[in-house]
1. From the Cα gyration tensor of the range 54-118, with a ≥ b ≥ c the square roots of its eigenvalues, which class applies: rounded if a/c is under 1.5, or else prolate if a/b is larger than b/c, or else oblate?
2. List the relative contact order of the range 2-152 as a percent without decimals, with contacts defined as Cα pairs under 8 Å and 6+ residues apart.
3. Can you divide the C-alpha Rg of the range 2-152 by 2.2 N^0.38 Å and report the result to two decimal places?
4. What do you get for the angle between helix 99-113 and the principal long axis of the chain? Use alpha-carbon atoms, 0 to 90 degrees, nearest ten.
5. Measure nothing fancy, just the Cα-based angle from helix 87-96's long axis to the longest principal axis of the chain, in degrees from 0 to 90, nearest 10.
6. At what distance in angstrom do the alpha carbon centres of the range 77-108 and the range 48-70 lie from each other?
7. Explain nothing, just compute: Karplus ³J(HN,Hα) = 6.51 cos²θ - 1.76 cosθ + 1.60, θ = phi - 60°, for every residue of the range 133-140 in order, whole Hz, x for Gly and Pro.
8. Full extension from SER120 to ASN20: what is 0.36 nm times the residue separation minus their Cα-Cα distance, to one decimal in nm?
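A short reminder: the numbers here are calculations on the coordinates, not readings from a lab. Keep in mind that what you see is a predicted model, and the values were worked out from it rather than measured.
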Amino acid sequence: MLKTIKDLFDRLSPLANAANPQAEDHALRLATAVMLVEVMRSDATFRDGERALVLAALRDHFALSTDEADRLAELAEATAEGASDLFGFTSRINENFDMSQKLRMIEHMWRVAYADGRLSNHERHVLWRVSDLLHVPQGAYVHARLRAKEAAGVA
C-alpha cells in the first residue's frame, strides 16, 4: 500500500511529469477519476449505480478496459480521501483538456450525481465548484446537467 501511495506522489510531481509524458497521462487520468469519485463520495449514501457510472465514464473518456477502470477508480477513491482541495486536480485538467472534454467530464459527473434519482445539496455544490474551477460557462454547465438528468430519467 505504501509503495502505491509513494508511486502516486511520484507520478503527480510536476518535475517527474515534465520528463515523462506517460506519467503525465496517468496523472491526468487520476485527476479526472478523482473528480468523478468526489461526486460519488459527496452523497450521504453510496450506491452501486454511482460507482458503475464512474467506471463507465472512465472507460468512455479514456478508452480503458474494465480492469483498468477498476484500478483507476480504486486509486482515485484513496486519493480523494487524502485530498485537501480540488485545485491540484482541476488545474491539471485545465492544462490538458479542451472545453468539449471538460463538458463531457462534467456531464459524466452529473450522471453520477443523478444515479440514485435525486440530487443532494452537497452534490450540487461539488459540481458547481468543479465547473467553476474548470472555467465551464454557466450555460454549458446547465445544459450538461439537463442532459444527464434526462438520461437518468429524473423528473
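1. Note, shape of the range 54-118 comes out rounded.
2. Working: 150 pairs, mean separation 42.6, N = 151.
Relative contact order, the range 2-152: 28 percent.
3. 0.99
4. Approximately 60 degrees, to the nearest ten.
5. Approximately 90 degrees, to the nearest 10.
6. The two parts, judged by their Cα centres, are 15 Å apart.
7. 5, 8, 6, 7, x, 3, x, 5
8. My answer for the length gained is 32.0 nm.
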